[in-house]
Structure formats: structure tokens, C-alpha cells
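Colleague: Got a structure for you, written out below as C-alpha cells; questions coming shortly.
The values are calculated or read from the model by the stated rules, or taken from the named source; none is laboratory data. If you're wondering where the values come from, they're calculated on a predicted model, not measured in any experiment. Cβ atoms come from the backbone with ideal geometry, glycine included; neighbour counts cover every protein chain shown. Quick note on the areas: whole protein, heavy atoms, side chains included, nothing else; ligands and nucleic acids left out. Shrake-Rupley method; radii C 1.70, N 1.55, O 1.52, S 1.80 Å.
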Amino acid sequence: MSGPGVDGDPKPPCLPQPPLATDEKILNGLFWYFSACEKCVLAQVCKAWRRVLYQPKFWAGLTPVLHAKELYNVLPGGEKEFVNLQGFAARGFEGFCLVGVSDLDICEFIDNYALSKKGVKAMSLKRSTITDAGLEVMLEQMQGVVRLELSGCNDFTEAGLWSSLSARITSLSVSDCINVADDAIAAISQLLPNLAELSLQAYHVTDTALAYFTARQGHSTHTLRLLSCWEITNHGVVNVVHSLPNLTALSLSGCSKVTDDGVELVAENLRKLRSLDLSWCPRITDMALEYVACDLHRLEELVLDRCASRDRAGRGSTGRSLLHARQVQDFGLKHLLALGSLRLLSLAGCPLLTTTGLSGLVQLQELEELELTNCPGATPELFKYFSQHLPRCLVIE
């Protein structure tokens, strides 16, 4: 029995306290300090930890990656049974990445995952054998999908895009899919009026396709990534700047036929750009950087990785071939010092930049990230200098 209190009243009985190891209030704070992989392990410790860890807040922004062989359990008789995905549903994942799957696997996923039809907003298929029919069924059944990625899927065709794409899709990424060419862009432009983000890596897309974008995309599309689109020239850039005037992010990475003139078109017409990627564009020179600095005053991210090319210029007196380097140099770097809003600058693999030229970047006091991987001019002394004069900037060696 409880003894008397200070005023002679009985003391209230002491309620049992949960052990610290299972106190949900403590665990809710503690588990924020662990990585996603660590959380997966910790969830197996006990039911109390799993109950806390399986709250959606601990998994926001993460995408489970499931390979085809992980979707099935093999029963004693040799038959296959689709795995239980209740644990994924409890954690509230909004997207999935399926690797190496077939049309049948996708149908099984839809049938066995309760949230597939309304609760999944993003789907990524990689190195999969999905066909036109499978793509159509997936997008028809999974009505919640607004973000779609297809990478290394060589069995669907452009006709499949025409038959399956839905107007609800706002983000589309297509890469390493051999059947994608100009007609795929026609389907995208006609069927996706609300498209906000398009990422395309396709070797056979030409300048003509970039004229297909309609006025609807002109208002809605803010991000365009053209990755290693080898057939795109300055004429294609003309089509882009006229069709998509509201872009805030543009990548021409690996578009090797784009020259300084193309960059001038971008700078003069896309004044809202915050992010520009010109990596692996060997025809870009210091002149392009002058265009960027003069017109893109809102630019926050600029990537110039490996903008390097060598032109053969005949033979010298020794009989060896003479090569003239045509790349970003210190002179061009000086133009960038006018971009006071720049937060990220990547100059990886630019061999003609010297220590002296790079040291001038300390004038960009708003820089948060600077990459100088494989830059001969990036010496230990330079990194020390940056640590003193750009203390808030992450400098990647």
C-alpha cells in the first residue's frame, strides 16, 4: 500500500516505466541518427523497435530497389510465391525501383502490393524486359504514378509510349532504351501537357525532335536534361530555347556537337536558368563562359567537367602531329567571377586551368561546393588557400 503524502493523503501509485531500450519517445529521437541501411538492421532487433522504425517519417525520400529474384520465395515443391510487401506498405514508400523484371513480374507486383494502384507515385524500371503491353498495363493500373523512369529497357517501342503515357505524368526519364528516337519525343510532347521534368539519354534523337514541344510544355516544363544526345547540334538548341522558354535547369552533358554559339543561344534566351550542365561538351571554349557570365545572372549551378577537345593541326618539323587544345582556360574562368549567385561549380578534368586561375575563385563567396577532381592546377597549397578563404565551401579534390 502507498504511504501517506505530505498532507496526510495517500500517495498515488507509481506507474511502471518502460525500459529505456523500448521507450518510444526516446527511440523516436534516437533513430534519426542512423542511415537507411542501419535502420533496416535495427528494425529486426525486436517488435518495439520495428513498430517505431516502420513509421513513414523515417523513410521519406527513400526508394526501395527490388531485383526480380527478390520478388519471389521458392516453396518446397519448387513453386514460386510472391513475397509479402506489407513491411513496405507500413513504411509508406511513395516509389519503387524494379530491376530486371518482366511484364509478368510487374503484374504480380500490382496484384500483391495493396498500395500499388493509388499509393505509388513514382516507378523506376531498370534493365527490364517490359514490352509495350506491359507498359500500358502498368500505367493503366497504377493510377497514382506521376514520375516514371525507364532505363536499359530495350523491349518497348515508341508505339508503346503512344499507347501508354498518361497526362498525369509530370516527370519522365528515359535512358539507354534502344528504340527511343524522334517519335518518342513526339509522343511525349503530345501526351504529357503537364510535364515539369524530362531527362533523355538517346543517341538517335535529332534536332527535329526538339521542335515538337508544344506551348503547353513551354509553360509547365522547368527541367530538361539531354544526356549524350550525340546528334543534337546548335539547331536543336534553337528549338529548345524557343519551345521551352521557362527552363530553370538545362543539361547538355555529352551533346558533343553543341558549340559556343549554342551556349550563346541558351544564355540570351533562357534568363531564368538556375542550373546549367555543359560537361563533356568538347567544343565549348572560354567564349561560352563569357556568354554565361553576361546573361545568366541567376545561375546557381554550373558544371563544366571535361570540356576538352584537341584539333589536329598538321605536322611539325619533327614529323609529329601538332594538336591545338580547345578547352576552358584561366581566361574563361575570370568571366565566372561575375556570377555572385553561384553555389556549385564543377571543373573536374579541365587540364588547362592553373593554380593561379583557380585561386581567383575565392571571389565567389557564395560557393557551397567546388569540384576540382583531376585538375592538375589543384595543388595541396591551393586547397589550403581555399580552406582559409572559402571556409563554408566543400572543395572536392
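Colleague: Kindly write out, for the range 98-108 in residue order, the coupling ³J(HN,Hα) from the Karplus curve 6.51 cos²θ - 1.76 cosθ + 1.60 (θ = phi - 60°), rounded to whole Hz, with x marking Gly and Pro.
Modeller: 10, 10, x, 9, 10, 4, 5, 4, 5, 4, 5
Colleague: Using packing as a proxy for protection, rank 341-349, 103-111, 23-31 so that the peptide with the highest average count of other Cβ atoms within 10 Å comes first.
Modeller: 341-349, 103-111, 23-31
Colleague: Quick one: what are the phi-derived ³J(HN,Hα) couplings along the range 123-134, Karplus 6.51/-1.76/1.60 with θ = phi - 60°, whole Hz, x for glycine and proline?
Modeller: Result, rounded to whole Hz: 10, 10, 10, 10, 6, 10, 9, 5, 9, 4, 5, x.
Colleague: Same structure again: Within the chain, what whole-number % of the accessible surface is contributed by carbon and sulfur, with the 1.4 Å probe and all protein chains included in the calculation?
Modeller: Answer for the chain: carbon and sulfur cover 54 percent of the accessible area.
Colleague: Something else: Can you compute the charge dipole magnitude of the chain about its Cα centre, using +1 on each Lys and Arg Cβ and -1 on each Asp and Glu Cβ, nothing else charged? Give it in debye, rounded to the nearest 20.
Modeller: Dipole magnitude for the chain comes out near 620 debye.
Colleague: Now for a different question. Residue by residue, what Karplus-based ³J(HN,Hα) values in Hz, rounded to whole numbers, does the range 247-255 have, using 6.51, -1.76 and 1.60 with θ = phi - 60° and x for Gly and Pro?
Modeller: Whole-Hz 3J(HN,Hα) from phi for the range 247-255: 4, 10, 9, 9, 10, 10, 4, x, 7.
Colleague: Show the residues, 5+ positions off or on another chain, whose built amide H is closer than 5 Å to the amide H of His67.
Modeller: Answer set, sorted by chain and number: Val99.
Colleague: Any idea of the accessible area per residue across the chain, 1.4 Å probe, to the nearest Å²?
Modeller: Accessible area per residue: 50 Å².
Colleague: Now for a separate question. Most fluctuating residue of Cys153, Cys37, Cys281 in a GNM of the chain with Cα springs under 10 Å: which is it?
Modeller: The residue that fluctuates most here is Cys37.
Colleague: What's the magnitude of the charge dipole for the range 97-252 around its Cα centre, counting Lys and Arg as +1 and Asp and Glu as -1 at the beta-carbon? Answer in Debye, nearest 20.
Modeller: 660
Colleague: In the chain, if the dipole is taken from +1 on Lys/Arg beta carbons and -1 on Asp/Glu beta carbons about the Cα centre, which of Leu191, Val120, Leu302 is farthest to the positive end?
Modeller: Leu302
Colleague: Next question, about the same structure. When the chain is fully extended, how far beyond the present Cα-Cα distance does His67 get from His389, taking 0.36 nm per residue of separation?
Modeller: 111.2 nm
Colleague: Among Thr379, Thr223, Thr248, which one shows the biggest mean-square fluctuation in a GNM of the chain, springs joining Cα atoms closer than 10 Å?
Modeller: Thr379
Colleague: Taking the Cα centre of the chain as the origin and placing charges on Cβ (Lys, Arg +1; Asp, Glu -1), which of Leu30, Phe331, Leu276 is farthest toward the positive end of the dipole?
Modeller: Of the candidates, Leu30 comes out farthest on the positive side.
Colleague: Continuing with this model, one more query. Would you mind checking the pairs Lys47/Lys121; Lys47/Lys80; Lys334/Lys384; Lys47/Lys118 and listing those with alpha carbons more than 24 angstrom apart?
Modeller: The pairs that break the limit, which is 24 Å between Cα atoms, are Lys47/Lys121; Lys47/Lys80; Lys47/Lys118.
Colleague: Any idea how far apart Ala348 and Glu140 come out in nm if each label point goes 7 Å out from Cα toward Cβ?
Modeller: If labels sit at Ala348 and Glu140, their model points lie 4.3 nm apart.
Colleague: Take the Cβ-Cβ distance between His219 and Gln55 as r, set R0 to 35 Å, and report the resulting FRET efficiency rounded to the nearest 0.05.
Modeller: 0.35
Colleague: Once the piece of chain linking Thr131 and Thr379 is laid out straight, how much longer is it, given 0.36 nm per residue of separation minus the C-alpha distance between them?
Modeller: Result for the pair: 84.1 nm of gain on full extension.
Colleague: Something else now. Using amide H atoms built 1.01 Å from N in the peptide plane, name the residues 5+ places from Phe82, or on other chains, whose amide H lies under 5 Å from its own.
Modeller: Those qualifying (amide H under 5 Å, at least 5 residues apart or on another chain) are Asn73.
Colleague: List every residue whose amide H lies under 5 Å from the amide H of Ser173, counting only residues 5 or more places away in sequence or on a different chain, with H placed 1.01 Å from N in the peptide plane.
Modeller: It is Leu148, Glu149, Leu150, Ser199, by chain and number.
Colleague: Taking the DSSP beta bridges in the chain as the whole, what percent of them are antiparallel, to the nearest 5?
Modeller: Here the share of antiparallel DSSP bridges comes out near 15 percent.
Colleague: Continuing with the same structure: Count the DSSP beta bridges whose two residues both fall in the range 16-161, then state the antiparallel fraction as a percent rounded to the nearest 5.
Modeller: DSSP beta bridges in the range 16-161 are roughly 20 percent antiparallel.
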